Amino acid sequence: MNRHDFYERILIGALTGVILLMTGLITFSGKTVKKLYVSFVKTKQWGGANGGSGQLRGPQGIALDSDGSLWVAERENHRIQKFSPDGTSLLIIGKKGTGPLQFSSPDSLAVDAAGNIFVADTWNHRIQKISKTGKFLTWWGSKNWKVASRDGEFFGPRGVAVDSQGNVYVADTGNHRIQKFNNVGKFIKAWGSKGPGDDQLNEPIGIAVDNKDFVYVADTHNRAVKKFTTEGRSELKWPIDGWKELRYTAMGFIGLDNADRIYVSDSAQDVVFVYVNNGAYVGEWKNDTNGSRMFHGPSGVTVDSVNIFVADGNNRIQRFTR
């Protein structure tokens, strides 16, 4: 790869602080293109496999609030935890159970402009809304199997996101659909059914909304990212060079930065893929600058103006400069 080729790839994603490690070939949308391995400088990590303050067990979805604090959904500790950007634990909410502020393997969360937290309480089959101070506000969904496929009900929801108007989007994983609600849980609409079509889904997990309110879905068992309008119209899809090992723990999450670059995790292959919002491939992030393995089952990814945060299967959060 010559110097011109390198800068051409960087300009596609406009990534700053990226380090080129090596190149190869990858098949993308039926074409063979240059495969770019990239990395970023790690500045902090924290966690540890336990249930104490500041420790993590099974961190999955992560989200930043307007104050720069990082919220983490802990699947195995059945709780959510708030951290400063430097990893100091600020607040712990929840324990295993079915009541308010109790969870059963929460897989994702999102934060709205007012600082409210929406938690995909996966195996309680519901969404919980919590204030930024940890007060329970409401929930919707139930564990009634007889109504799990109805509008406003869920079967193992694993992803949640919020748009600029405060609407809430839920990846209703077991029902192979996306559901849209207002910010107090009133059902607005749903789209998707099980299948490989442009407007179909198969085990959707990660979900994110960009600055223009386009909705991106990690359609994991179809091995694709799909882009929709807020009304559910299919706009674009592209394949992921991964998600090949379909198992319960192989979950794909999506993060967006302020330029709508897209970071897609593949926990089975220990990699984070990077794209721009038209689906153009930028590169993949697997190793550190010394070529050593960086991730072990990465899941949630979120980005601020300076940093990239990644939840890792080693029961930790890693922070990188971008």
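The values are calculated or read from the model by the stated rules, or taken from the named source; none is laboratory data. These figures come from a predicted structure and were not determined experimentally. Glycine also receives a Cβ, built like all others from the backbone with ideal geometry; neighbour counts cover every protein chain displayed. For accessibility, only protein heavy atoms count, side chains too; no ligands or nucleic acids. Shrake-Rupley method; radii C 1.70, N 1.55, O 1.52, S 1.80 Å.
Brief remarks follow.
- Flag for residue 124 being open to solvent by less than 40 Å² (accessible area, probe 1.4 Å), at pLDDT 95 or above and over 15 Å from residue 100 (Cβ atoms): no
- Residue 187 being in contact with a Gly (Cβ under 7 Å, 6 or more places away or on another chain), open to solvent by less than 10 Å² (accessible area, probe 1.4 Å) and among the aromatic types (Phe, Trp, Tyr): no
- Here segment 138-154 is the region considered, the condition is being in contact with a Phe, Trp or Tyr (Cβ under 8 Å, 6 or more places away or on another chain) and open to solvent by less than 70 Å² (accessible area, probe 1.4 Å), and the residue that is farthest from residue 169 (Cα to Cα) is 148.
- In segment 216-259, the residue that is modelled with the lowest pLDDT out of those that are among the acidic types (Asp, Glu) and more than 23 Å from residue 179 (Cβ to Cβ) is 245.
- Screening residue 143 with (1) at pLDDT 95 or above; (2) in contact with a His (Cβ under 7 Å, 6 or more places away or on another chain); (3) farther than 20 Å from residue 163 by Cβ; (4) not hydrophobic (A, V, I, L, M, F, W, C) gives one miss only, at (1).
- A search for C-beta distances below 7 Å between a residue of segment 89-109 that is touching a residue at least 24 places away in the same chain (Cβ under 8 Å) and farther than 22 Å from residue 161 by Cα and any residue that is of a type in the set (S, T, N, Q) and open to solvent by 20 Å² or more (accessible area, probe 1.4 Å), counting only pairs 6+ apart in sequence or on different chains, returns 89/53.
- Of all residues in segment 178-198, none satisfies being in contact with a helix residue (DSSP H, G or I) (Cβ under 8 Å, 6 or more places away or on another chain) and within 23 Å of residue 101 (Cα to Cα).
- Residue check, residue 72 closer than 22 Å to residue 271 by Cβ, of a type in the set (Val, Ile, Thr) and open to solvent by 60 Å² or more (accessible area, probe 1.4 Å): no
- Entry remark, segment 66-85: residues being assigned to a loop (DSSP other than H, G, I, E, B) and touching a residue at least 60 places away in the same chain (Cβ under 8 Å) number 2 in total.
- Close contacts from segment 262-278, counting a first residue that is free of Cβ contacts under 8 Å to residues at least 12 places away in the same chain and a second that is open to solvent by 20 Å² or more (accessible area, probe 1.4 Å) and in a strand (DSSP E or B), with Cβ to Cβ under 9 Å and a gap of 6+ residues or different chains, come to none at all.
- Looking only at residues of segment 190-236 that are open to solvent by less than 40 Å² (accessible area, probe 1.4 Å) and of a type in the set (Phe, Trp, Tyr), we find that the one that is farthest from residue 122 (Cα to Cα) is 228.
- For the residues 25, 11, 15, the requirement of being in a loop (DSSP other than H, G, I, E, B) and at pLDDT below 95 singles out 15.
- Reported count of residues in segment 105-121, each being small (Gly, Ala, Ser) and surrounded by 17 or more Cβ atoms within 10 Å (Cβ to Cβ), is 4.
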